[in-house]
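*Asks:* One structure follows; several queries about it will come next.
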Protein chains: 2
Amino acid sequence: MKTKKTSLSGKASPTVGDEGMWTFDNPPRAILKRRYGFEPSQDWLDHLRLSSVRFNDGGSGAFVSADGLVLTNHHVALGQLHKMSTKEADYVKDGFFARSASEERRCPDLELNVLVSLEDVTKRVLGGVDPKASDKTRNEQRKAVMARIEKESTEKTGYRSDVVELYQGGEYWLYRYKKYTDIRLVMAPEAQAAFYGGDPDNFTYPRYDLDFAFFRAYENDAPVRPQRYLRWSASGAKEGQLVFVSGHPGSTDRLKTVRQLEFERDQHLPGYLNILGRRRRALEEYAKTGTEQERRAKDAIFGVDNGLKAISGELEGLREPALMARMIEQEKALRRAAAKKGGDPWAAIARAQVKMVKRHKQLLYRNFMLSKLAGFAGTIVRYVEEVKKPNEKRFKEFRDSALESLNFRLFSPAPVYKDMEEAVLADCLAHSLEELGPKDPHVKAALGGAAPAAKARQLVAGTKLDDPKFRESLVKGGAAAVAACDDPMIVWARKLDPVYRELRAWSEDEIESVESLAGNEIAKARFSLYGKSTYPDATFTLRLSFGRVAGYEQGTTQVPHKTTFFGLYDRAASFDGKPPFHLPEKVERAKGALDLSTPLNFVTTNDIIGGNSGSPVVDAKGEYVGLIFDGNIQSLVGRYAYDDVQSRAVAVHSAGILEALRRIYGMDALASELLG
Amino acid sequence: MKTKKTSLSGKASPTVGDEGMWTFDNPPRAILKRRYGFEPSQDWLDHLRLSSVRFNDGGSGAFVSADGLVLTNHHVALGQLHKMSTKEADYVKDGFFARSASEERRCPDLELNVLVSLEDVTKRVLGGVDPKASDKTRNEQRKAVMARIEKESTEKTGYRSDVVELYQGGEYWLYRYKKYTDIRLVMAPEAQAAFYGGDPDNFTYPRYDLDFAFFRAYENDAPVRPQRYLRWSASGAKEGQLVFVSGHPGSTDRLKTVRQLEFERDQHLPGYLNILGRRRRALEEYAKTGTEQERRAKDAIFGVDNGLKAISGELEGLREPALMARMIEQEKALRRAAAKKGGDPWAAIARAQVKMVKRHKQLLYRNFMLSKLAGFAGTIVRYVEEVKKPNEKRFKEFRDSALESLNFRLFSPAPVYKDMEEAVLADCLAHSLEELGPKDPHVKAALGGAAPAAKARQLVAGTKLDDPKFRESLVKGGAAAVAACDDPMIVWARKLDPVYRELRAWSEDEIESVESLAGNEIAKARFSLYGKSTYPDATFTLRLSFGRVAGYEQGTTQVPHKTTFFGLYDRAASFDGKPPFHLPEKVERAKGALDLSTPLNFVTTNDIIGGNSGSPVVDAKGEYVGLIFDGNIQSLVGRYAYDDVQSRAVAVHSAGILEALRRIYGMDALASELLG
């Protein structure tokens, strides 16, 4: 791994307070020293990086024992718990407790990654692009060289290798990951304890959630002895303490232009909320039809609710005139700096946005969101076509370096619930018809004149795509097998494929190419102003954030830096135990045994966002003091801009996890393993 | 008592939801029946009225036992606790616990009133006013007839008799009160338990305050056997329950014109905050000089902080454009209705406002707020002059019917702290000088060219007004004694008196007369629209409000209808026991003995405001289920308009009081007395 000991430039950072999702090659050394008198050693950084784990289905985690124990959030584990549950054994509802190695259960399709090295490949990527070529050609060239780098690296090292675009195309880095795919579930609390307070308390603080779950990584059927892991702090986070979060923030939009933000505010986010709201109603209707249906839909409903609340918060933030005014000012400064060098990437992006608006409804409503079967069908049809092309010409997700992980997900034995699939697909089809009209090519291909409900019934009833072996046989059989296949969903996906490809090509050539290349120009302007004294937008790659454990003022009173088990029982009693504030039996029973003053959750000023779920919070010694699981409602605007007045990251306290393991769940061996 | 069984008119009420501070002659029978299916009997109403008690220094309470036990808030009792405390025995800090009748301690100057009858005297008051006379003359006539009615009633019945102006002069009622002046302190918790969370948590909910105190009324040295008292509900308030509050809301401004509200928003409230903020700083400076000084200033600082937070909340409400827009719409409707009958009282009030603005700074800054000695001096100088006049020509506060209560307060043996007096008076003088300049007649008379601090020192050092006997001798000695007196503060007050009288006469003749008489015109317009299907602004007279026990949504989550003792210990632990979130020793010690799930505080939709503190919350059976002690921050705008989205009244739960008496304070006899 190559890291630079200091920033590339001594220029003043444009960040405020504890802002920043810093790459591990460029930690904010100057800020840390100035604000906190802290100077991390290279080993400190390496230790934290190598202990950090990416959950590829969208979260973070960390190694917390010498025997490969991995700790993340319950809600990151939820997808796996759900896939492993049946009508008879509901691990989501009842929790899961392996009291010996033999009881640890292998997850169907969970992949963990550890970032073993990072290398700057900016020169090679940009060197492969002809600056005089058209936008479309340059975009193709850029992608081709990225694909070549990834393939070479995978072949040479055996590691999963991703070229990551940072600073809107200002830098390109090769990230190499060690992959783990034999991951076994060790322990998860009941969903009601983990997600206490349900959707109302989501993004809320004060909070009282045991949002944690333990896995163990295996290789060759034996627990992994990880290169590094985090030592447990039994006393955990304290008020005012300097803490770090090492995790994988999914995406932020802090470097978007004002025009792009306006598009988000006025078009994209309202449209997305429309889709989520509609899908929520469909899932709810389905869940109402029975207890088993309710169980099946639970994971999806959680995801949709979470999305609805998060996006509403972001939208509210964007509608705040003060925020937009700040963005406009920042952009003006940047534009002035760029103007001196000629060129106007902002105008180029604005022109692309005008085009985008015209086809935005298609981009939004030509989707089958939450339908697993439609997803399988589309992926398989494209898969067999794409892999025939040279690696660098393929869609990104079908490049050689990505196929192993893709297969792992695509051939997963996780159950597919056909009745729920039918309900979801019918809703997708009806919504597309409603929003795009019967003449839209996607709608025509998808419905073929049939009514949405009837079409969904026919497709789902007839397909065998719920069988992972069937999916595998199609991929293995290649284009010929898929072309010859008469499974109704494959036939249907073949019809949809040209429509999909046309829109995607348009989007890549007309929009993405402009935004990426113009973004590169803007990044250059930013470099000329700030050097590398700032950090790139989040990209679901490993980042370091710093901050302090701190409450805040709200509604003229003070919100404490932490909560305790007393508060959990208060909230339950305050609502007379009504859902979603009831207590699971084990928690109710443990009331007398617990030290109720033990810290349960706490808040910090760290700069995080979705994808950071499950990230470790460590102190200056690098010890594990907490587990990130949420941001408060005021932090949602963080997608666009950081502030530390009320925005807080919310974490489970390490002392609270220990107390729960021992006194609620009787998992003493696990607690002992944590304490080493 | 005369009451009307139905509203005067069947017209639709302009109130919303559970709105209204209804007079006991006009309960909202139609609304109660429609919304809650509840029809109060006359005896139900009489029982509640006769059990209700007014604390004349600004609060409410109720008889809760056959032996004259009176329950109110700790913060209503605070003034008396403070006056009864010394450096050696600090009942504010340590609480007070009488464990037998002999330990009950008489309060220095606490007067309680019970409303024994109400009588409509509108015709007589308005009949005494010549409609053709000038505003000034009409105002004098109006006051004269009110004074006559009061005097006659007092002479005839022996009761304290007040003519109350309702509906901005639309109605006048004679209220007769039974007075109690031998009030003894029975029990008060530690201030830190009663006012848990201090100023930050004031007007906040969720809340965890034991804000209660018990007194006992005596007559002829024996406990009073009150005509009526409220039965205690051991289980107390429940979610969704219909509840009533019977108490004495101090003042609201819901019938003010838009022009008057604008004046409040732009001139009066900001000015008032300015004064409070400055006085706060002076008190704080003083309190910092020692532990005993801190104790002496505590009550005053509490009052100022409370005022600052309340007024800030009101101001924020008035600055809400939506609220003002609603007020403008309502006024338009009223004005259209009034226009048909000719006359434009709104224009008259607007003209008075223009005049008001010119002398507003004098009205604001010619004051000695929080200086007890300056208050005594001014009152005594005016007292002896006023009582020489015929009763009906006097300032309201010196009418015969008011003198007994005035003497009670004026000759109170409560301590006066000269060092604190000096600090406060110096600040008053400096502020007047700063805001009004050295040429203002008040400033000239008050300072006589001296510096504020020196003047305050000279006045306070030389005066004997801290001695209640001296004050009494001056009043008894009358005008001659006061004229001959060479006490420096009396000499000084004589010099200030003409300046005071000039401003007060101007204010009464030019502003009050117009506002009162024009208000009467507006009230007529309201009657023509709504009949008596509405209620008058609050006037610190007995009112009935109704509502339900209900949580609310806030910040996308749910706020529970109640809190429990669990929450109290959570909040203390969450702040690591730091002030103002620390626990008094008795509370800390009781942790293991308490049933922590016992309800502590709860919220209702009842329409209340300052003055309602200490009001009983009763259920439909008339049983005592809670004790009003606050409104949440969202309720502060209630001064101008009621809404029930988030605005809530906050109460101590009757089960929580019982649990605290038994398990924290060991007051089992008191608990038994409550349960009869």
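What follows is calculated from the coordinates using simple rules that are stated; it is not laboratory data. Keep in mind it's a predicted model, so treat the numbers as computed, not measured. Please note: Cβ atoms are built from the backbone with ideal geometry, for glycine as well, and neighbour counts cover all protein chains shown.
*Asks:* With only alpha-carbon atoms counted, please give the Rg and Dmax of segment B:288-373, in Å.
*Replies:* Values for segment B:288-373 (Cα only, Rg and Dmax): 20.5, 66 Å.
*Asks:* What translational diffusion coefficient, in µm²/s and rounded to a whole number, does the Stokes-Einstein relation yield for segment B:1-132 at 10 °C and a viscosity of 1.306 mPa s, taking the hydrodynamic radius as the Kirkwood radius over Cα pairs?
*Replies:* Approximately 85 µm²/s, per Stokes-Einstein.
*Asks:* Please report, for A:Arg457, the nm distances (one decimal) from its label point, 7 Å out from Cα along the beta-carbon direction, to the equivalent points in the remaining copies, shortest first.
*Replies:* Its label point is 9.7 nm from the equivalent points in the other copies.
*Asks:* Just from the alpha-carbon atoms, what are the Rg and Dmax of segment B:470-571 in angstroms?
*Replies:* Here Rg and the maximum Cα pair distance are 26.1, 68 Å.
*Asks:* Picking from A:Leu596, A:Pro616, A:Gly676, whose Cα lies most toward the positive end of the charge dipole for the protein assembly as shown (charges on Cβ: Lys, Arg +1; Asp, Glu -1)?
*Replies:* Going by the charge dipole, the pick is A:Pro616.
*Asks:* Starting from the 7 Å offset along Cα-to-Cβ, what nm value, one decimal, do you get for the label separation of A:Ala30 and A:Lys621?
*Replies:* So the label points at A:Ala30 and A:Lys621 sit 3.2 nm apart.
*Asks:* Using Cα-Cα distances under 8 Å and only pairs 6 or more residues apart, what relative contact order does chain A have, in percent?
*Replies:* Rounded, it is 26 percent for chain A.
*Asks:* Quick check on the exposure proxy: order B:Glu155, A:Glu623 from fewest to most C-beta atoms within 10 angstrom.
*Replies:* B:Glu155, A:Glu623
*Asks:* Beyond 12 Å, what percent of the Cα pairs of segment B:349-389 remain?
*Replies:* When every Cα pair of segment B:349-389 is considered, 70 percent fall beyond 12 Å.
*Asks:* How would you rank A:Asp90, B:Asp221, B:Asp570, going from fewest to most other Cβ atoms within 10 Å of each one's own Cβ?
*Replies:* B:Asp221, A:Asp90, B:Asp570
*Asks:* Apply the Kirkwood formula to segment A:504-548: the hydrodynamic radius equals the inverse of the mean of 1/r over all pairs of different alpha-carbon atoms; give it in Å with one decimal. Please list the in-between numbers first.
*Replies:* Values: mean 1/r = 0.0779 Å⁻¹.
That comes to 12.8 Å for segment A:504-548.
*Asks:* Note the per residue figure in Å³ for the convex hull of the C-alpha positions in segment A:319-369. Walk me through the numbers before you get to the answer.
*Replies:* Working: hull volume 5.7 nm³, N = 51.
Dividing the Cα hull volume of segment A:319-369 by its residues yields 111 Å³.
*Asks:* Based on the Cβ-Cβ distance from A:Lys361 to B:Arg326, what FRET efficiency comes out when R0 is 30 Å, to the nearest 0.05?
*Replies:* 0.20
*Asks:* Rounded, prolate or oblate: pick one for segment B:341-439, where a ≥ b ≥ c are the square roots of the eigenvalues of its C-alpha gyration tensor, a/c under 1.5 means rounded, and failing that, prolate if a/b is larger than b/c, else oblate.
*Replies:* Oblate, because a/c is 1.5 or more while a/b does not exceed b/c.
*Asks:* Under the Kirkwood approximation for Rh and a Cα-based Rg, what ratio Rg/Rh is obtained for segment A:540-655?
*Replies:* Taking Rh as the inverse mean 1/r over Cα pairs, Rg/Rh reads 1.00.
*Asks:* Can you give me the Kirkwood hydrodynamic radius for segment B:110-195, using every pair of distinct Cα atoms, in Å to one decimal?
*Replies:* That comes to 15.2 Å for segment B:110-195.
*Asks:* For an R0 of 60 angstrom, estimate the FRET efficiency from the Cβ-Cβ distance between A:Thr86 and A:Lys388 and round to the nearest 0.05.
*Replies:* Rounded to the nearest 0.05, the efficiency is 0.95.
*Asks:* Can you list, shortest first and in nm, the gaps between the label point of B:Thr137 and those of its counterparts in the other copies, using a point 7 Å from Cα in the C-beta direction?
*Replies:* Relative to the other copies, B:Thr137 has label-point distances of 10.1 nm.
*Asks:* Could you give P(r) for the protein assembly as shown, binned at 20 Å from zero, as whole percent values over all Cα-Cα pairs?
*Replies:* Over the protein assembly as shown, the share of Cα pairs per 20 Å bin runs 9, 32, 31, 20, 8, 1, 0 percent.
*Asks:* Please list the helices of chain B that count as membrane-span-like by this rule: a mean Kyte-Doolittle hydropathy of at least -0.5 together with Cα atoms stretching 24 Å or more along the helix axis, each helix being a complete DSSP H run.
*Replies:* Values: long enough: B:135-157 (33 Å, -1.84); B:269-287 (26 Å, -0.54); B:291-318 (39 Å, -0.54); B:321-339 (26 Å, -0.15); B:345-365 (29 Å, -0.24); B:418-436 (26 Å, 0.02); B:488-506 (28 Å, -0.25); B:513-530 (25 Å, 0.08).
What comes out of the filter, once short or polar helices are dropped, is B:321-339, B:345-365, B:418-436, B:488-506, B:513-530.
*Asks:* Here is a further query. Once R0 is set to 41 Å, what does the formula 1/(1 + (r/R0)^6) return for the Cβ-Cβ distance between A:Asn220 and A:Ala481, expressed as a FRET efficiency to the nearest 0.05?
*Replies:* Calculated value: 0.80.
*Asks:* Right, here's the next one. Can you put B:Phe244, A:Phe302, B:Phe96, A:Phe38 in order of Cβ neighbours within 10 angstrom, beginning with the fewest?
*Replies:* Values: B:Phe244 27, A:Phe302 20, B:Phe96 24, A:Phe38 15.
So the residues, fewest neighbours to most, are A:Phe38, A:Phe302, B:Phe96, B:Phe244.
*Asks:* Could you compute the longest span of chain A free of trypsin sites (Lys or Arg not before Pro) located in DSSP loops and having at most 12 other Cβ atoms within 10 Å, not counting the site residues? Don't jump to the answer; show the numbers that get you there.
*Replies:* Values: sites that count: A:Lys2, A:Lys4, A:Lys5, A:Lys87, A:Lys132, A:Lys288, A:Lys340, A:Lys341, A:Lys388, A:Lys439, A:Lys621.
The longest uninterrupted stretch comes out as A:440-620.
*Asks:* Under a straight-distance cross-link criterion of Cα-Cα below 18 Å, which aspartates and glutamates are reachable from A:Lys340, leaving out those fewer than 8 residues away in the same chain?
*Replies:* Of all the aspartates and glutamates, those that pass the test against A:Lys340 - Cα under 18 Å, at least 8 places apart if same chain - are A:Glu329, A:Glu331, A:Glu521.
*Asks:* Go through A:Lys396/A:Lys476; B:Lys33/B:Lys621; A:Lys179/A:Lys476; B:Lys83/B:Lys178; A:Lys309/A:Lys455 and tell me which ones have a Cα-Cα distance over 27 Å in this structure. Please report the intermediate quantities before stating the final value.
*Replies:* Working: A:Lys396/A:Lys476 20 Å; B:Lys33/B:Lys621 15 Å; A:Lys179/A:Lys476 23 Å; B:Lys83/B:Lys178 25 Å; A:Lys309/A:Lys455 31 Å.
From A:Lys396/A:Lys476; B:Lys33/B:Lys621; A:Lys179/A:Lys476; B:Lys83/B:Lys178; A:Lys309/A:Lys455, over 27 Å: A:Lys309/A:Lys455.
*Asks:* Pop out the Kirkwood hydrodynamic radius of chain A from its pairwise C-alpha distances, inverse of mean 1/r, in Å to one decimal.
*Replies:* 26.1
*Asks:* Next question. Just to be sure I understand the model, the point goes 7 Å from the Cα along the line to the Cβ. What's the resulting A:Glu397 to A:Thr137 distance in nm?
*Replies:* Rounded to a tenth, the inter-label distance reads 3.0 nm.
*Asks:* For the charge dipole of segment A:403-554, defined by +1 on Lys and Arg C-beta atoms and -1 on Asp and Glu C-beta atoms about the Cα centroid, which residue among A:Val443, A:Gly531, A:Tyr500 has the Cα displaced farthest towards the positive pole?
*Replies:* Checking the options against the dipole of segment A:403-554, the answer is A:Gly531.
*Asks:* Assume the label is 7 Å from Cα along Cα to beta carbon: what separations in nm does A:Ala505 have to the matching positions in the other copies?
*Replies:* Counterpart label points of A:Ala505 in the remaining copies fall at 9.6 nm.
*Asks:* From other protein chains only, count the Cβ atoms within 10 Å of every residue's Cβ in B:546-559, then give the mean.
*Replies:* Mean shielding by partner chains, rounded to a whole number: 4.
*Asks:* Could you sort out which of B:Lys151/B:Lys393; A:Lys136/A:Lys355; A:Lys358/A:Lys524; A:Lys238/B:Lys578 sit more than 19 Å apart by Cα distance in this structure? Intermediate results must be reported in sequence, preceding the final value.
*Replies:* On the way: B:Lys151/B:Lys393 13 Å; A:Lys136/A:Lys355 15 Å; A:Lys358/A:Lys524 30 Å; A:Lys238/B:Lys578 14 Å.
In this structure, A:Lys358/A:Lys524 lie more than 19 Å apart at Cα.
*Asks:* Which three semi-axes in whole Å describe the equivalent ellipsoid of segment A:218-373, each the square root of 5 times a Cα gyration tensor eigenvalue, listed largest first?
*Replies:* 36, 30, 17
*Asks:* A further question follows. Could you check the simple spin-label distance between B:Asp120 and B:Ala347, using points 7 Å along Cα→Cβ, in nm with one decimal?
*Replies:* Result for the modelled spin labels: 3.2 nm.
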